[in-house]
Amino acid sequence: MIALSGIKKSFGKNEVLSGIDLKVNRGEVVAILGPSGSGKTTLLRCINYLEKPDSGVISIGDFKLNCRQHGKKDVHALRQKSAMVFQQYNLFRHKTALENVMEGLVVVRKVSKAEARERSIALLEKVGLGAKLNAYPSELSGGQQQRVGIARALALNPEVILFDEPTSALDPELVGEVLSVIRQIAEEGITMIIVTHEMGFAQEVANHVVFMDGGVIVEEGEPKQLFRYPKEERTQQFLKRITPEAGYSI
Amino acid sequence: MKLDVSFIWTAFVELLDAIPVTLAITAVSVLCGFLIGTAVALARQFRVPVLSQAGAAYVTFIRGTPMITHLLLIYFGMPMLLDAAAEALGFGFRSASIPMIVFAFLSFSITAGAYASEVVRSGLLAVDRGQLEAAYSIGMTGPQALLRIVLPQAFAASLPNISNMLIGMLHGSSLAFTVSVVEINAKAQIVATTNWKFFEAYLAAALIYWGLTIGIERLSALAEKRFKAYSRGGVS
């Protein structure tokens with residue numbers, strides 16, 4: 001289980017997160033929605049400590065980290081609990097698809113090369129890239145790169161996988177292939193937190209939806225309830241704007 | 001005066017002996033320079049207190065003074081320093097026992113270090129921040145991320161600059177003749193004065209330098225092909 005409590009983060013005078021509390025159960029898929037600037041990506045990056053929160057407590061599984069007092073080793077230990085899938089893929093450019101997936105296993109988890117290779121090939125086959133093992137990121141399409149990114153995260157077998165707008169940088173026709181991979185691993189019961197703008201996808205795949213605005217969680221709940229009967233006015237406005245009624249033409 | 005074409009060949013053959021000295025000075029200074037330069041560039045890039053300021057001062061002083069000045073400062077300053085230290089500590093060491101080429105190694109490494117630090121820095125700047133974040137996200141430590149992800153890409157990005165520097169130091173190594181190291185240029189001078197045929201001897205030296213430079217260009221093209229295989233490269 002993942003629990004965040006009282007997470008605060010400011011960039012200079014600009015407070016991006018003003019005290020976030022969030023609980024995620026094992027096997028749950030949580031979608032975080034919200035307008036840009038609402039702090040949702042920052043929150044995700046805090047869980048992986050790519051941003052250092054000013055205060056708050058992050059606990060993943062049995063590991064707990066107080067953001068006000070910790071050493072480098074604690075950060076390192078926290079990062080081992082999660083894996084991140086980035087908006088811009090961020091595959092290691094000088095490594096092939098296979099090497100990208102193997103890297104964490106060999107270097108961080110100290111798995112033998114042969115075993116890492118075997119597991120990585122299996123994962124790449126699972127995301128449909130069995131034929132691209134030796135391709136460099138520059139030789140892959142955006143959708144293929146993102147699927148390698150997902151395989152790289154899966155390889156570490158983390159407690160939670162964090163998705164930071166995984167399809168925002170993709171051509172519309174490539175979005176589907178990435179979403180279907182995420183859907184597939186969601187069904188396997190892997191805990192995931194997804195920041196996304198794909199409302200239909202969030203509604204379909206998530207067990208729990210969180211709506212953020214202005215650095216706070218405005219509303220959260222089951223997807224059906226939140227999408228159909230949002231309680232808060234701010235949520236209603238947001239949902240209305242991004243899912244416009246049919247009936248106008250361009 | 002007439003050009004003695006056959007003497008160009010004679011000089012050329014004699015100069016071949018001096019090639020290893022020139023190459024040794026070039027290789028040692030560029031290699032040590034890169035170690036120094038990488039340390040300085042990392043200290044400056046990650047704003048390590050004290051080290052980054054010291055690094056900046058080192059770079060501005062060394063780049064602000066000619067290479068031959070570094071050589072002369074080391075050549076005259078080091079023995080004084082060493083002899084004084086040896087005397088104070090009671091060692092029987094005399095600086096006169098240091099081979100001349102060591103002064104060239106030392107001073108040119110210091111020179112190369114300042115320039116290399118900028119080469120490495122430009123390479124580091126070419127690596128996307130996302131690469132470091134991805135490395136952290138899979139649980140790598142800072143040193144692991146640096147050694148396995150950032151520096152290899154920075155190295156590949158700076159290959160053209162590295163070959164530039166190698167060529168610069170190859171030609172710069174000719175300054176070692178001022179402290180009586182017999183490299184290609186010094187050898188050319190010896191051959192020239194003993195036979196009273198200056199133009200021919202220096203022409204032979206020029207041909208050798210050019211040949212070595214072409215070799216470096218070829219090697220760097222190969223290295224680019226090897227280390228940049230992953231990249232479609234630049235704007236093309």
(message) If I ask for residues that are touching a residue at least 40 places away in the same chain (Cβ under 8 Å) and more than 21 Å from B:ALA104 (Cα to Cα), which ones from segment B:41-64 would you list?
(response) B:ALA41, B:LEU42, B:ARG44, B:GLN45, B:GLY55
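Within segment B:179-236, can you find the residues that are among the hydrophobic types (A, V, I, L, M, F, W, C), surrounded by 15 or more Cβ atoms within 10 Å (Cβ to Cβ) and free of Cβ contacts under 8 Å to residues at least 40 places away in the same chain? So that I can check it myself, show each step before the final result.
Let us first name the residues in segment B:179-236 that are among the hydrophobic types (A, V, I, L, M, F, W, C), namely B:179, B:181-182, B:184, B:186, B:188, B:190-192, B:196, B:198-199, B:201, B:203-208, B:210, B:212, B:214, B:216, B:219, B:221-223, B:227, B:229, B:235.
Adding the requirement that they be surrounded by 15 or more Cβ atoms within 10 Å (Cβ to Cβ) leaves B:179, B:181-182, B:184, B:186, B:188, B:190-192, B:201, B:203-205, B:208, B:212, B:216, B:223, B:227.
Result: B:ILE190, single match.
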(request) Please give the strands (runs of 3 or more DSSP E) falling wholly within segment A:54-118 in which 2 or more residues are open to solvent by less than 30 Å² (accessible area, probe 1.4 Å), more than 9 Å from chain B (Cβ to nearest Cβ) and of a type in the set (Gly, Ala, Ser). (result) A:55-60
(request) Taking B:THR69 as the residue in question, decide whether it is in a helix (DSSP H, G or I) and in contact with an Asp or Glu (Cβ under 9 Å, 6 or more places away or on another chain). (result) no
(message) Restricting to segment B:13-34, give me the number of residues that are in a helix (DSSP H, G or I) and surrounded by fewer than 19 Cβ atoms within 10 Å (Cβ to Cβ).
(response) 10
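Residue-wise test of (1) in contact (Cβ under 8 Å) with a residue 40 or more places away in the chain; (2) out of contact with any helix residue (DSSP H, G or I) (no Cβ under 9 Å at 6 or more places or on another chain).
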{"residue": "B:LEU72", "(1), (2)": "yes, no"}
{"residue": "B:GLY77", "(1), (2)": "no, yes"}
{"residue": "B:LEU81", "(1), (2)": "no, no"}
{"residue": "B:ALA86", "(1), (2)": "no, no"}
{"residue": "B:LEU89", "(1), (2)": "no, yes"}
{"residue": "B:GLY92", "(1), (2)": "no, no"}
{"residue": "B:PRO99", "(1), (2)": "no, yes"}
{"residue": "B:PHE105", "(1), (2)": "yes, no"}
{"residue": "B:ILE110", "(1), (2)": "yes, no"}
(request) Go through segment A:166-189 and give me each residue that's part of a loop (DSSP other than H, G, I, E, B), within 13 Å of the chain's Cα centre (by Cα) and crowded, with 19+ Cβ neighbours inside 10 Å. (result) A:PRO166, A:THR167
(message) Going by what's in this entry, would B:ALA86 be described as surrounded by fewer than 17 Cβ atoms within 10 Å (Cβ to Cβ) and more than 30 Å from B:THR194 (Cα to Cα)?
(response) yes
(request) Report yes if some residue within segment B:163-182 is part of a helix (DSSP H, G or I) and within 13 Å of A:HIS94 (Cβ to Cβ); otherwise report no. (result) no
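The values are calculated or read from the model by the stated rules, or taken from the named source; none is laboratory data. From a predicted model like this one, the values you see are computed outputs, not experimental measurements. Neighbour counts run over all protein chains shown; Cβ positions are idealised from the backbone, glycine included. Each accessible area value is taken on the protein alone, full model and side chains, heavy atoms only, with ligands, DNA and RNA left out. Shrake-Rupley method; radii C 1.70, N 1.55, O 1.52, S 1.80 Å.
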